[in-house]
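Q: The structure's right below; bear with me while I get my questions together.
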Amino acid sequence: MTENGEDSPLHQSCEAPDKGDVIDSISRPLKTSLEDAKTCKDHNDAPKLAARNTDGDFGQYQPRPPSLPKLFTRGGSVEETVRTRRLRNSQESLSDPAETGSSTDSLKENRTVQAPGGLVLSGAATTTRNEQEPDVRPLSSAGTTGSPVFRDRGSSLSEYERRPPSQQSDPTDHRARSTKARLSPVQPTGPLPALEKSFASATLRAANRIDRDCLDYAVLAREKLGERFHRNLSDSRLLENMGSDSASVNSMRSTYSVLSPIRPQDVRNRSFLEGSGLGSGALLGAEELDRYFPDRKVGIYIATWNMQGEKGLPANLDDLLLPTDSEFAQDFYIIGVQEGCPDRREWETRLQETLGPYYVMLYAASHGVLYLTVFVRRDLIWFCSEVEHATVTTRIISQIKTKGAVGIAFTFFGTSFLFITSHFTSGDAKIYERILDYNKIVEALALPKGLPDTNPYRSTPSDVTTRFDQVFWFGDFNFRLSKDRVDVETIMNRTVAGDMGPLLAHDQLSKEMKDGSIFKGFQEAPIHFFPTYKFDIGCDIYDTTSKQRTPSYTDRILFRNRQADDIKVDKYTSCSNIKTSDHRPVIGVFQVKLRPGRDNIPLGAGQFDRGLYLEGIRRRITRELKRREAMKNQSSSAICAIS
């Protein structure tokens, strides 16, 4: 005791005297100094240590009752039983934030050794306070205070274990080490890698997920950073852009896919109205539309080409359907052909071979030598309605099917589409006949048949183009430039930077559209390419025959929509690399706005031409094998030539 009658620090810490007597060490969990002091005062069996006198000697102390005897159980002591209870599995130790020590700390052996100077300590090892043992970590109070066994034997832990790590001995000291091997604490081998991107995002969506390494789809222009992102997160880019989104990670762990997990309670509580013809949870409803098209825009690629009836097809159609200046492929490919090749099935197979396994032929229709083919990405076929088609002939004799139109209609989600390809009357001065062809087509094309009209209040019985939300009309309209060939060539030679205004000032179709006599309500993107008719086959020279036809814009793509600004033009140009016909193909790329629909339309049930799909893939494989074999033979020949 000090002069003031208070317990000395030696009493507060329950520390044994330096010499003279032998005491058992008190082993207990780590607590704060206040809790240690209170515990020492409350227990009657705590030693009453004499105060240190001025000479440095210790006085007499009052003896205390012996500590509780060790109870032996079957095959072991209480300590071993406690150790067994304190062992926790690795997952619990790692997941518990309050766990600060390794589970292997409970394997320490509690034994009694005699330290120099006569002091006897009980613990895993005897040490001096100047030595350090960095590998030993303090025990967690959360793992011991809740156990009644530990509360009863509060003096069973050694002074060594109650010391901070800085005052424990070095494990390399053989005199102080335990006879039993102790596992080292579980610690990370190094600093955790920093995340490349740190951002918060919404739950990962299965936005048009298809096979690996397919980088096809329209892009989203970021407003702030100006970056372009791939909307369909394919496997390779998914992991790259996912960042630290915990919701996305949980989704992948839960369902082994990028689809958002569905809780059983949500399935139990789902209303019967959801998923019906009127609910937002319908197959064609807003939720499904937003999951596949967050900005509600679909990419459509349209190509029109007068093939001049040639039997021989181009060796490669990549320039027609997959131009190199396009960053992504589109969702729909619509190809209209006039004066098509005699073998229509061969033409469709070549298209499937070019587009590859990511696309399937949704539908194909023909009217004589007019072919219209619709390809769609294969993971979008479930949202297409049944497809309908109709044909109209503009010849006096209906058996002659060289002039007329063929139309294909379907509904995608809640937006109805109509695609028409046509071939009007030819001749430089036959403008009136071409207007008659147009009027006959819009009146006689019987569409839709079984599909519901998405907006009947804006439909007109006499005009088929008013009965659909989005209409694309393309083909060989045969409208010419009302100018002599010499004058047209002079204007073309003066054209600078794709300004075709001087040429279009003499275009018959542009004039008739302004007058309102044809293609009422239709629009056309600005033209920045030279006339696509008429060329000598195999070269870029305009007609050198005796007729000396004037170059003209006969091949066009027009569009119409019910709502303003629903269609945005990304590209409108000609394909100058395909020269097997006297016409150059014209292509257009469009972004079309979509609207959610209801499940009250006849769905196509994911049907497509599977036979055509398999034949196209087989040809792709054969072509690739031949290419590899040719490269192998070429390399072998080169080696032989060098030797």
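The values are calculated or read from the model by the stated rules, or taken from the named source; none is laboratory data. None of these values were measured; they are calculated from a predicted model. Quick reminder, even Gly has a Cβ in these numbers, built from the backbone with ideal geometry, and neighbours come from all protein chains shown. The area values use the complete protein model at the heavy-atom level, side chains included, leaving out ligands, DNA and RNA. Shrake-Rupley method; radii C 1.70, N 1.55, O 1.52, S 1.80 Å.
Q: Looking only at the stretch 403-553, where both bridge partners belong to it, what percent of the DSSP beta bridges are antiparallel (to the nearest 5)?
A: Roughly 65 percent of the beta bridges in the stretch 403-553 run antiparallel, per DSSP.
Q: Could you work out the per residue convex hull volume over the alpha carbons of the stretch 317-373, in cubic angstrom?
A: Enclosed volume per residue, from the Cα hull, is 82 Å³.
Q: Same structure, new question: Carbon and sulfur: what percent of the stretch 475-571's accessible surface (1.4 Å probe)? Please report the intermediate quantities before stating the final value.
A: Values: 2350 of 4690 Å².
Answer for the stretch 475-571: carbon and sulfur cover 50 percent of the accessible area.
Q: Which three numbers, in whole Å and largest first, are the semi-axes of the equivalent ellipsoid of the stretch 495-597 derived from its Cα gyration tensor as √(5λ)?
A: Semi-axes from the Cα gyration tensor: 29, 17, 12 Å.
Q: Please work out the Cα center distance from the stretch 501-519 to the stretch 289-334, rounded to the nearest Å.
A: The stretch 501-519 and the stretch 289-334 have Cα centres spaced 27 Å from each other.
Q: For a quick protection proxy, order the peptides 463-474, 573-584, 597-608 by their average other-Cβ count within 10 Å, most packed first. Present the calculation step by step, with values, prior to reporting the outcome.
A: Details: 463-474: 23.5, 573-584: 18.3, 597-608: 16.2.
Result, highest mean Cβ count within 10 Å first: 463-474, 573-584, 597-608.
Q: As a quick test, which of the pairs LYS571/LYS593; LYS430/LYS534; LYS401/LYS511; LYS403/LYS430; LYS534/LYS568 have an alpha carbon distance above 21 angstrom in this structure?
A: In this structure, LYS401/LYS511; LYS534/LYS568 exceed 21 Å between Cα atoms.
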